[in-house]
Amino acid sequence: MRKQRMQAVSLLFGSLCLAAVAGGCSLLPVEEEELAPPLVQPVQETLTLYEVKRANIAKQITGVATFASDKMDYLYFTESGGRLVSMNVKLNDTVKAGDIIATTDTDDLETKIRLQEIAIEKLKLTLQQEISEKGAEDPAFRSKLYDLESAQIQLESLQKQLDKSRLVATVSGIVTYIDPIQPGEEVDAYKQIVTISDPKQMKLIYTAASQNDLAGVEINMDVEVKIKDQVLTGKVVQTPMTAPPNNNKAIEERNAKSLIIDVKGLPEDVTIGSQADITIVTEKRDNVIVIPRAGLRSYMDRDYVQVLDGDSRKEVDVEKGIVAATEVEIRQGLNEGQKIILAN
């Protein structure tokens, strides 16, 4: 009986093992099936198109100009090394021709001049006495004449030195510029110290970033001048090419990138420092092929556009004309109705 029971247990255990072996795959974790990657739709290229057409185009210069005196006195010392003693004016002061604007140290120069003037007066008295006693032909009298001439030459030399130590206004007007130099500091020769402007004679000054920005501007070109809500007409009266030479380096540099504009019929409230918006048309053409500048492409010396030809691009060489701020004239290579691709 016991033997039969042991056989039954062995048979049951064997059956369980076989079942476990047979079902081993189902007892282990099921590996996930490898999924195929999703299909990626190709990115559709978005093209910005422009239909070629005719229009008017103008190349123009726009900016803000400032009214300044047409008659200005630029004051500067002609010798270096002197130390500034006094600045006798401040900005917006009104001065008259002949006023002493600034001075440098002169040591005892004024004393020397006064002593020389006294010496000359004494020589003149001596000469008057001798000519009455000895006559003009007397050798001693002639010697005194030479002494007088020598003393006068020395006085003139001292006076010139004193003049070089002073800045004197040659015109009446308003002080519109003062260098920040302080008393006690050395002055530099020909460095602008003070500017005096005549408020009765004004012109409009436009200064560009560089001379190249004024290319195409010529004398007598019309200028649209807008002052607040009023529109006036001006004329170009000076360009960098027509500016007169000047010994002052600062003025030379300013003239090299500036325009001077004459405006008639100015409102009474326009003063030195007032500003106006200006527009100068340097080139203009009507009814020509015009495209956005974003449509023109350049490589080396080649100018071309990309034309939409069916579903593909086609490069077409073109000849450009006027190049304005946002548009460009195409003289050859394109026809109305073609569609070009703009560069993004």
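Treat the stretch 95-203 as a sphere of radius equal to its Kirkwood radius over Cα pairs and apply Stokes-Einstein at 37 °C in a medium of 0.692 mPa s; give the translational diffusion coefficient in µm²/s, rounded to a whole number.
On the way: Rh = 17.4 Å.
The calculation lands on 189 µm²/s.
How large is the convex hull of the C-alpha atoms of the stretch 208-293 per residue, in Å³?
Numbers: hull volume 12.7 nm³, N = 86.
Value for the stretch 208-293: 148 Å³ per residue.
Can you tell me the accessible area per residue over the stretch 37-132, all protein chains present, probe 1.4 angstrom, in square angstrom? Don't skip to the end; give the middle numbers.
On the way: 6520 Å² over 96 residues.
About 68 Å² of surface per residue is accessible.
Report the full-extension gain for the segment ASP70 to ALA209: residue separation times 0.36 nm, less the Cα-Cα distance, to one decimal in nm. Before the final figure, lay out each step's value.
On the way: separation 139, 0.36 × 139 = 50.04 nm, distance 2.17 nm.
Roughly 47.9 nm would be gained on extension.
Which Cα, out of TYR190, ALA140, VAL217, lies furthest along the positive dipole direction of the stretch 133-240 (beta carbon charges, K/R +1, D/E -1)?
VAL217
Using all Cα-Cα distances in the stretch 199-344, what percent lands in each 5 angstrom bin from 0 up to the longest?
Bin by bin from 0 Å, the calculated values are 2, 8, 15, 14, 13, 11, 10, 9, 8, 6, 3, 1, 0, 0.
Taking 0.36 nm per residue of sequence separation and subtracting the Cα-Cα distance, how much length would be gained by fully extending the chain between ARG83 and GLN128, in nm to one decimal?
Length gained, ARG83 through GLN128: 11.9 nm.
So what is the relative contact order of the stretch 113-206, in percent, for Cα pairs below 8 Å that sit 6 or more residues apart?
Here the relative contact order equals 24 percent.
Quick check: at a probe of 1.4 Å, how many percent of the accessible area of the chain sits on carbon and sulfur atoms?
Working: 11680 of 23220 Å².
Its accessible area is 50 percent carbon and sulfur atoms.
Using alpha-carbon positions, what is the distance between the centroids of the stretch 269-289 and the stretch 77-99, in Å?
Each part reduced to its Cα centre gives a spacing of 38 Å.
Could you check how many percent of all C-alpha pairs in the chain are farther apart than 24 Å?
Details: 44945 of 58996 pairs.
Value for the chain (Cα pairs over 24 Å): 76 percent.
Between the DSSP loop rule and a limit of at most 13 other Cβ atoms within 10 Å, which GluC sites (Glu not before Pro) in the stretch 311-344 are left?
Numbers: sites: GLU315, GLU319, GLU327, GLU329, GLU336; in loops: GLU336.
In loop regions of the stretch 311-344 (DSSP not H, G, I, E or B), the sparsely surrounded GluC sites (Glu not before Pro) are GLU336.
Restricting to Cα pairs below 8 Å that are 6+ residues apart, what does the relative contact order work out to for the stretch 208-344? Please round to a whole percent.
Numbers: 207 pairs, mean separation 26.9, N = 137.
That works out to 20 percent.
Ignoring everything except DSSP H segments at least 4 long, calculate the 222 nm mean residue ellipticity for the chain; use -39,500 (n - 2.57) per segment, divide by total residues, nearest 500. All intermediate terms of the calculation are to be shown ahead of the outcome.
Numbers: 5 runs with 83 residues, N = 344.
Calculated mean residue ellipticity at 222 nm is -8000 deg cm²/dmol.
Probe of 1.4 angstrom, ligands and nucleic acids ignored: what's the accessible area per residue over the stretch 148-292, in square angstrom?
Details: 8260 Å² over 145 residues.
Accessible surface, normalised per residue, equals 57 Å².
Over the chain, what is the relative contact order in whole percent, taking alpha-carbon pairs under 8 Å and six or more residues apart?
Details: 603 pairs, mean separation 90.5, N = 344.
Rounded, it is 26 percent for the chain.
Given a cut-off of 27 Å, name the pairs among LYS200/LYS228; LYS144/LYS164; LYS164/LYS249; LYS160/LYS191; LYS59/LYS257; LYS53/LYS284 whose C-alpha atoms lie farther apart than that in the structure shown.
Numbers: LYS200/LYS228 21 Å; LYS144/LYS164 31 Å; LYS164/LYS249 20 Å; LYS160/LYS191 19 Å; LYS59/LYS257 18 Å; LYS53/LYS284 17 Å.
From LYS200/LYS228; LYS144/LYS164; LYS164/LYS249; LYS160/LYS191; LYS59/LYS257; LYS53/LYS284, over 27 Å: LYS144/LYS164.
Given a Förster distance of 30 Å, report the FRET efficiency between TYR177 and VAL288 from their Cβ-Cβ distance, rounded to the nearest 0.05.
Details: r = 46 Å, r/R0 = 1.55.
Calculated value: 0.05.
Per 0.36 nm of contour for each residue apart, how much would the distance between ALA256 and ASP147 grow if the chain were fully extended, relative to their Cα-Cα spacing? Display every interim value, and only then the final one.
Working: separation 109, 0.36 × 109 = 39.24 nm, distance 5.22 nm.
Between ALA256 and ASP147, full extension yields 34.0 nm more.
Hey, what's the per residue convex hull volume over the C-alpha atoms of the stretch 240-283, in cubic angstrom?
On the way: hull volume 5.5 nm³, N = 44.
Measuring per residue, one finds 125 Å³ for the Cα hull of the stretch 240-283.
The values are calculated or read from the model by the stated rules, or taken from the named source; none is laboratory data. Quick caveat, the model's predicted, so the values are computed rather than measured. With ideal geometry, Cβ positions are generated from the backbone for all residues, glycine too; neighbour counts draw on all protein chains shown. The area values use the complete protein model at the heavy-atom level, side chains included, leaving out ligands, DNA and RNA. Shrake-Rupley method; radii C 1.70, N 1.55, O 1.52, S 1.80 Å.
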